[in-house]
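Notes follow the structure.
The values are calculated or read from the model by the stated rules, or taken from the named source; none is laboratory data. Bear in mind the structure is a predicted one, so any value in this text is a computation, not a measurement. Positions of Cβ are backbone-derived with ideal geometry, glycine not excepted, and every protein chain shown enters the neighbour counts. What goes into the accessible areas is simple: the full protein's heavy atoms, side chains included, and nothing from ligands, DNA or RNA. Shrake-Rupley method; radii C 1.70, N 1.55, O 1.52, S 1.80 Å.
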Amino acid sequence: MDVDEAFLSVGEFGRCQKRLTGFLVLLQVYVACQSMLIVIVGAIPEYHIDIHETSTDADIIKHVHFTNNFTSIVSEWHLIQHEAYKVNLASSLLFAGLLIGNLFFGPLSDKLGRRPVYLTGLCFDVIFGYLTALAPSYEVFAFSRLFVGIMNGGMALVSFVLTQEYVGKSYWALTGSLTNLSFAVGIALYALLGYYIRNWRILAFVANSPGVLFFLLSFLLPESPRWLYSRGHTVEAEAVLHHIACANGKEIPSVKLKECIAPPGTGDPAHSIFDLVRHGALLWRTVILMYIWYVCSLVYYGLTLNAGELKGNLYMNVALYGLVEVPAFPLCLFFIEKSWSGRRKSTFGFLIFAGLACIFTMFLPDSDRFGLSPAALALLGKFSVSAAFNVVYIYTSELYPTVVRNAGLGVCAMACRFGGILAPFVPSMKSLNPSMPFLAFGISGISAGILSLLLPETLNKPIAECIEDLQTPAYQLLNKAKEKEDDT
């Protein structure tokens, strides 16, 4: 039997998988706290300078007075006026680190295994997180944020793939949605933590401390049976599946897997990121998916800057930033499991809706006389693109064979980071025309939605373990047979 058939025997989402995936889903709360740390830690308290003319930094430090509501790196290192750019620089370094981590951790986990790469990333994530809290200077703080980004981005990517590969394919949509939902809830919990802890060093220390517990408990996680099988370690994969079966209460003496096509050790080179461009089918999938991920990030963060600039309480705004995404996950989970929509049409629909919402903002008056303002429509677009983002995460993991799944996700996540980096520059297009940013977001969303129709549907389709599976007649016939079943 293959891995999908084995999961049907041992239990696709039994007690064992619920514990494993539940642990990794909760890990996203820690990931969210690390990702959103700079929002509160780098916030600017109210201040005044009691002299009118300043000539040196020393003068500013002597005469600037911050309020006592909270502390931040701004108040400690006086990052104001011509030094204010350093807060954004620290944030950019985190995103640069996320890009590097996404790029390198994916191929490493495909080659060395999910578990060791995940454990290494989480260990160093915690270490550099404490360095952030104890940083004696801004330079050390900025250095730590770069490496937190590398470790956090890579570890989060591998943990997401592990979450998917512990369960049967029919539950990938559920576990993927729960992972992203947990991240959104983590943002709100971080805001609550920041509300009660007003000292930035203590906040950074406390927000990082759960990582120690997660790291220690992670040693109980087994290796991915799908990865073991795809690398030709059939005996080890059978042992993991047997352990899952026993933990699920299944009385199965053994699980026998058929030999995977082209296992390692037969003289074939190890799989790498270059496989994504060497094989025609994977090349086109990768190009289209990279653009879709880029657009999702561009539109999401761009709309956050345009429609999500909320005035008022800092902590409430951060909480809303996360909670606005929560309703999107059950909605997309409903659509992607229906045969009449599936992954491909859901991606198309959410992206098109987000694009149209952005374009229609250009035709609405600023007043909400009819109960619908440009800001409300833009937030509706943000809600839709959040749902698209969730679908794309699940969809991408199903489109790549197991041997290059992390590499494919890593490349797509890299494109995603470029979208996040460019998003702040789009609002500056208002100098040309007030409608230009929304036009750019709208065209991007619609074009990505149309391109998504070129991808194959993966709902109720077999998962390729090796690249060779994509070309085998049995795999292609099984795909066609399932398509006919879905049509009838």
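Listing for the model above:
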| read-out | value |
| --- | --- |
| Boolean, Leu89 is closer than 22 Å to His233 by Cα and open to solvent by 50 Å² or more (accessible area, probe 1.4 Å) | no |
| Residue that is nearest to the chain's Cα centre (by Cα) [pool: residues in region 142-177 that are within 24 Å of Pro401 (Cβ to Cβ), open to solvent by 10 Å² or more (accessible area, probe 1.4 Å) and of a type outside the set (Phe, Trp, Tyr)] | Ala156 |
| Among the candidates Leu454, Leu477, residue that is within 29 Å of Arg226 (Cβ to Cβ), at pLDDT 85 or above and surrounded by fewer than 14 Cβ atoms within 10 Å (Cβ to Cβ) | Leu454 |
| The one condition in (1) modelled with pLDDT of 85 or more; (2) open to solvent by 60 Å² or more (accessible area, probe 1.4 Å) that Ile292 fails to fulfil | (2) |
| Per-region count, region 12-35, residues crowded, with 21+ Cβ neighbours inside 10 Å and either part of a loop (DSSP other than H, G, I, E, B) or polar (S, T, N, Q) (or both) | 5 |
| Selection count, region 39-56, where residues are modelled with pLDDT of 85 or more and within 21 Å of the chain's Cα centre (by Cα) | 1 |
| Qualifying residue in region 134-141 (condition: among the hydroxyl-bearing types (Ser, Thr, Tyr), modelled with pLDDT of 90 or more, open to solvent by 10 Å² or more (accessible area, probe 1.4 Å) and out of contact with any strand residue (DSSP E or B) (no Cβ under 6 Å at 6 or more places or on another chain)) | yes |
| Search result, residues across region 213-235 that are among the aromatic types (Phe, Trp, Tyr) and open to solvent by less than 50 Å² (accessible area, probe 1.4 Å) | Phe214, Phe215, Trp227, Tyr229 |
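Condition check ((1) part of a helix (DSSP H, G or I); (2) in contact with a Pro (Cβ under 6 Å, 6 or more places away or on another chain); (3) closer than 30 Å to Phe23 by Cβ; (4) modelled with pLDDT of 80 or more) across all residues:
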site	(1), (2), (3), (4)
Ile61	yes, no, no, no
His82	yes, no, no, no
Ala90	yes, no, no, yes
Leu93	yes, no, yes, yes
Phe104	yes, no, yes, yes
